[in-house]
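The next block holds one structure in the form of structure tokens; read it before the comments.
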Amino acid sequence: MAKKQNPYKEYGIATQAVHTGTGYDEETGAVRRPLHMANSYKLPDDLSKVNYSSTDLLMYSRNGNPNQHWLEEKIAALHDADDAIVLASGVAALHALFWTLLKSGDRVIYPKVSYMAVYRLFHELFNKKFGVETVMVDMTDIDAVKKAITKGTRLVHIETPDNPTNGVTDIEEVVKIAHENGALVSVDNTFASPYNQKPLSYGADFVVESLTKFINGHGDAQGGAIISNDLETMDRIRYEAQVNVGSVISPFNAWQIFRGSVSFPLRMKRINDSALQIATWLEQRENVTFVSYPGLESNKGHNLAKRQMKNGFGGVISFGVRADDKAVERLCANLKVVTFAVSLGHDESLIFPQPSYDERINLYPEKFRNGFIRFSVGLEEPEDIIADLDQAFRSIGL
């Protein structure tokens, strides 16, 4: 596909969120993009030049759909990027990127602390099925990264802040080391979102977003995106992972996320502000053993986060309590405003305990191995969230 055009490039992110990818419906004049649920589209009369594996021509929904294309324009604009590919989920986007870039014998460096799907893709699947050498490293330790990245490394994958401990990685420094060794760099930006951080501006080659989270923001649609200025590789991803593996997003999910993304900058500003207020309260609470949030001055990644997260520090707070697994579960179950559920980035606050028997627990820094909770801040009044947390703490004697 050609480079995405963004007529609103000189405007702020809120204006771009409202206007990019939008347009009048040609048939009715409606000022909202319609939902196209069609599986097939009318072909041109002359088929001699039709490429049935192309995503440029609307012909079959696996090759792409209009709602997907309009959303791709918006996501590219939010990242100041030349192109974006929107797929069925964040994991579909991760798989599509890795599937396209890697082959047997390649070497990949990825974080010791990462989203479960990344851990399983590399730790269990790519190395065992396809002979890719996969190496875990503490990405917050630049010296460890330097030792791990060798000539012949194909890809360095980063999460920053990472899921679930909120560790902060220096994107620019990792990019420098990786590129000096001929490696590409991908960054999972889901915890930060493009409102707070744009990794392409620090030299990253590819960015992955779980659109399910902050960009959609309403907990009602799944989607993922790959963002890059490398148009040639992006077309390879479309061909290899979308058309021939089938990870395309449904038109309805694309339509839902397109609608949710319009309010994304406003929601993110509110979430940034509330999260910092709640993290500050948690840090002062007795029986809270630690609070990991990049916005806190006490956080070891704070100065780095201030440099590369321009508008705020995100909506996820990782913290520990002086309690065993069962007590932590009771704390979560006793909440009345905060929802006890997986995921993050929704309009409602979500809380999820990370149990001490998690298969990756020994990969986390030691303080995260007992009483560890991941908390996603929503749009409720921060005072109501704090009061709810307070009563839940007291309900289990903390």
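Summary: within the chain, the longest segment free of trypsin sites (Lys or Arg not before Pro) located in DSSP loops with at most 14 other C-beta atoms within 10 Å is 152-299.
When the pairs K9/K151; K4/K151; K269/K336; K3/K103 are compared against a 29 Å limit on Cα-Cα distance, K9/K151; K4/K151 fall above it. Taking the alpha-carbon centroid of each part, what is the distance from region 185-245 to region 311-378 in angstrom? Region 185-245 and region 311-378 have Cα centres spaced 25 Å from each other. Of the residues A144, Y52, I75, the one whose Cα sits farthest toward the positive end of the charge dipole of region 39-160, with +1 on the Cβ of Lys and Arg and -1 on the Cβ of Asp and Glu, is A144.
With angles folded into 0 to 90 degrees, how steeply does helix 171-180 sit against the dominant principal axis of the chain? Use alpha carbons for both and round to 10. Orientation of helix 171-180: about 60 degrees from the principal axis. Secondary-structure-derived ellipticity at 222 nm for the chain, considering helices only, amounts to -9500 deg cm²/dmol, per-run term -39500 (n - 2.57) for DSSP H runs with n ≥ 4.
Of all lysines in the structure, the ones whose alpha carbon falls short of 16 Å from that of K112, not counting any fewer than 8 places away in one chain, are K146, K147, K367.
Can you give the accessible area per residue of the chain, in Å², using a 1.4 Å probe? Numbers along the way, then the final one.
Working: 16870 Å² over 398 residues.
On a per-residue basis, the chain sits at 42 Å².
Across region 34-48, coupling constants 3J(HN,Hα) worked out from phi with the 6.51/-1.76/1.60 Karplus curve, θ = phi - 60°, read x, 8, 9, 8, 5, 7, 10, 10, 4, 7, x, 4, 9, 8, 5 Hz, and Gly and Pro carry x. Residue-wise HN-Hα couplings along region 186-199, as the Karplus relation 6.51 cos²θ - 1.76 cosθ + 1.60 with θ = phi - 60° gives them from phi, are 10, 10, 7, 9, 4, 5, 7, 6, x, 5, 9, 8, 10, x Hz; Gly and Pro carry x. Of Q16, P161, T100, which is farthest along the charge dipole of the chain in the positive direction, counting Lys and Arg as +1 and Asp and Glu as -1 at C-beta? Among Q16, P161, T100, the one farthest towards the positive end of the dipole of the chain is T100.
Evaluated with a Cβ-only charge set (Lys, Arg +1; Asp, Glu -1), region 264-396 carries a dipole of roughly 480 debye about its Cα centre, given to the nearest 20.
With R₀ fixed at 30 Å, the C-beta to C-beta distance from N287 to D141 puts the FRET efficiency at about 0.50.
Taking the Cα centre of region 1-104 as origin and assigning +1 to Lys and Arg Cβ atoms and -1 to Asp and Glu Cβ atoms, the resulting dipole is close to 300 debye. Applying the criteria of a DSSP loop state and at most 12 other Cβ atoms within 10 Å to the chymotrypsin sites (Phe, Trp or Tyr not before Pro) of region 229-303 yields no site. When you filter the chymotrypsin sites (Phe, Trp or Tyr not before Pro) in region 351-398 for DSSP loop state and at most 10 other Cβ atoms inside 10 Å of their Cβ, you are left with Y357.
Net length available on complete extension from Y8 to D384 is 131.6 nm, with 0.36 nm assigned per residue and the Cα-Cα distance removed. Under 5 Å between amide hydrogens, built in the peptide plane, is the criterion, and for L184 it picks out L155, V156 among residues at least 5 positions away or on other chains. Measuring with a 1.4 angstrom probe and ignoring ligands and nucleic acids, T134 comes out at about 30 Å² accessible. Per residue, the average separation of C-alpha pairs within less than 8 Å and at least 6 apart gives region 303-356 a relative contact order of 25 percent.
For the chain, a simple Cβ point-charge model (Lys and Arg +1, Asp and Glu -1, everything else neutral) yields a dipole of about 500 debye relative to the Cα centre.
Centre-to-centre, using Cα atoms only, region 49-90 and region 92-147 are separated by 26 Å.
Among the GluC sites (Glu not before Pro) in region 304-382, those located in a DSSP loop and surrounded by at most 10 other Cβ atoms within 10 Å of their own Cβ are E359.
The values are calculated or read from the model by the stated rules, or taken from the named source; none is laboratory data. Please read all numbers here as calculations on a predicted model, not as lab measurements. Neighbour counts are summed over all protein chains in view; Cβ atoms, including those assigned to glycine, are modelled from backbone coordinates with ideal geometry. Note: areas computed on protein heavy atoms with side chains; ligands, DNA, RNA excluded. Shrake-Rupley method; radii C 1.70, N 1.55, O 1.52, S 1.80 Å.
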